[in-house]
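Student: I'd like to ask some things about the structure below.
What follows draws every value from the coordinates through simple rules; no lab data is involved. On a predicted model such as this, the values are computed, not experimentally measured, just so you know. Counting neighbours? That spans all protein chains shown, and the Cβs are built from the backbone with ideal geometry, glycine included.
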Amino acid sequence: MNRRQLLTATAAIAAAAPSVLAAQTLEQYKAGATAVEGDAILFLAQSDGSFARSGLTFDIQKLNSGEVIAAAVNAGDIDVGSMNTLSLAIAHQNGIALKIIAPGVMYDNSHTASQMMVAKTSSVTSGRDLTGKVFAINVLHGSAQLFAQSWIDKRGGDSSTVHWIELPFSLMEGALIAGRVDAALIVPPFAQKAQATCRSLGPPGDGIAPRFLNGAYVVTETWLAAHRGAAARFNAVISKDARYYNANPSASVQAVADLTKQDAAVITSSVRAIFGDSLDPALLQPVIDVGARYGLLKRPFPATEIIAQV
C-alpha cells in the first residue's frame with residue numbers, strides 16, 4: 001500500500017468511526033408486537049432511526065396476540081411488548097406486575113376503520129335489533145366483546161341475551177352473508193373488503209368512549225427499575241413519532257403495507273390508525289371502568305396504577 005492509499009484508508013476509517021462507535025454503544029433490547037397497523041409505530045421507530053438517535057435499538061419479534069406478548073414480557077423473553085388496555089388491566093388484577101411506558105394505538109370514533117357489520121340484506125339497524133342475536137368476535141371475553149356489549153346496550157339492546165361466537169376475522173364476512181351470524185365486529189383490512197356485501201352499524205368503541213387509548217407498550221416492574229432511563233427515552237421516541245405519523249400518514253404507507261402484507265394502494269385508501277402521543281390516565285380509565293361494569297375486571301381501579309413513572 002502506497003502513502004496515498006494509506007492516507008485514504010485512514011481517512012475513511014476515521015470518518016466511519018463515529019457511526020461504528022454509535023452502533024457499538026446502542027443499548028440493545030428485545031420487543032414484541034403484532035403485525036397490524038395499530039402496532040406499526042414500534043416498527044416505524046426502529047426502521048426510521050428514531051430509536052437509534054436516542055441510543056436504543058430493538059430486535060422486534062412479530063407475535064400473534066397481546067396475550068402471547070404479555071406472557072413473553074412477564075417471562076423475560078422480551079423486554080418491551082404491546083398489549084391492549086383491557087388485557088393489561090386484567091393482568092394487573094391477576095397480580096402480573098406490568099407497567100405502561102409508552103402509548104400505543106388510539107381509538108377515535110371520527111377516525112376508525114373497525115366496524116360493527118351486518119349483511120346488506122339484514123334488517124338490523126340498531127343495538128335494539130341485536131337483542132337475542134348471534135354475534136361474531138375474534139376472541140371471547142376480550143376487548144372486542146366488551147366493545148360490542150357496551151355498544152349494543154348503549155343503543156337500546158340487551159347484550160346479556162346475545163349469543164357470542166368466536167370466529168377469525170377472515171371468516172366473518174362469509175358467515176354474515178350465509179346467515180350463520182347476525183352481526184360481527186370486523187377490523188381492517190377485512191372490514192374494507194366486506195363493504196361490498198355488508199354494511200356498517202358504526203364504529204365499535206363508542207360504547208366505551210368517543211376517544212380512548214386502546215393499546216400500550218409495557219414492561220415488568222423489575223425491568224423498569226433497572227432501565228428507567230431507557231424507558232423514558234422509549235416513551236419520548238414513541239410519542240414524537242406518533243405525532244409525526246399521525247400528521248403525515250402517507251409517510252408510513254409502504255412500511256405498514258410491508259408489515260401487514262397488504263398492497264400499498266389498499267393502505268392508502270383505508271382509514272388509518274391513530275397512535276397515542278401521551279400517557280394520559282383519562283384516556284385509559286374508560287376501558288377499566290367499562291371492563292369492571294361487564295365483569296371482565298373484578299373491580300375498577302385508577303389507571304395510574306398501571307402507568308410507569310418515566
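Student: Give, rounded to the nearest 20 debye, the magnitude of the charge dipole that the chain has about its Cα centre when Lys and Arg contribute +1 at Cβ and Asp and Glu contribute -1 at Cβ.
Tutor: That gives the chain a dipole magnitude of about 360 debye.
Student: Roughly what % antiparallel, to the nearest 5, for the DSSP beta bridges in the chain?
Tutor: Bridges in the chain that DSSP calls antiparallel: roughly 55 percent.
Student: What list of whole percents do you get for P(r) of segment 115-207, with Cα-Cα distances grouped in 5 Å bins up to the one holding the largest distance?
Tutor: 3, 17, 30, 29, 17, 4, 0
Student: HN-Hα J couplings of segment 138-149 from phi, Karplus 6.51/-1.76/1.60, θ = phi - 60°, integer Hz, Gly and Pro as x?
Tutor: 6, 9, 5, 6, x, 5, 4, 5, 4, 4, 5, 4
Student: A further question follows. With runs of 4+ DSSP H residues as the only contributors, calculate the mean residue ellipticity of the chain at 222 nm using -39,500 (n - 2.57) per run, divided by the residue total and rounded to the nearest 500.
Tutor: -12500 deg cm²/dmol
Student: At a threshold of 8 angstrom on Cα-Cα distance, excluding pairs fewer than six apart, so keeping six or more, what relative contact order does the chain reach in percent?
Tutor: Relative contact order for the chain comes out at 25 percent.
Student: A further question on this structure: Principal axis lengths of the chain from Cα atoms, whole Å, largest first?
Tutor: Cα extents, longest axis first: 86, 43, 30 Å.
Student: Below 8 Å between Cα atoms, with a sequence gap of 6+, how large is the relative contact order for segment 115-207 in percent?
Tutor: Once divided by the residue count of segment 115-207, the mean separation gives 46 percent.
Student: What dipole magnitude, in Debye to the nearest 20, does segment 175-293 give about its Cα centre under +1 on Lys/Arg Cβ and -1 on Asp/Glu Cβ?
Tutor: Approximately 120 debye in magnitude.
Student: Further question on the same structure: Over segment 270-309, what is the relative contact order in whole percent, taking alpha-carbon pairs under 8 Å and six or more residues apart?
Tutor: For segment 270-309, the relative contact order is 36 percent.
Student: Moving on to the next point. Looking only at segment 115-207, where both bridge partners belong to it, what percent of the DSSP beta bridges are antiparallel (to the nearest 5)?
Tutor: Given both bridge residues lie in segment 115-207, the antiparallel proportion sits at roughly 55 percent.
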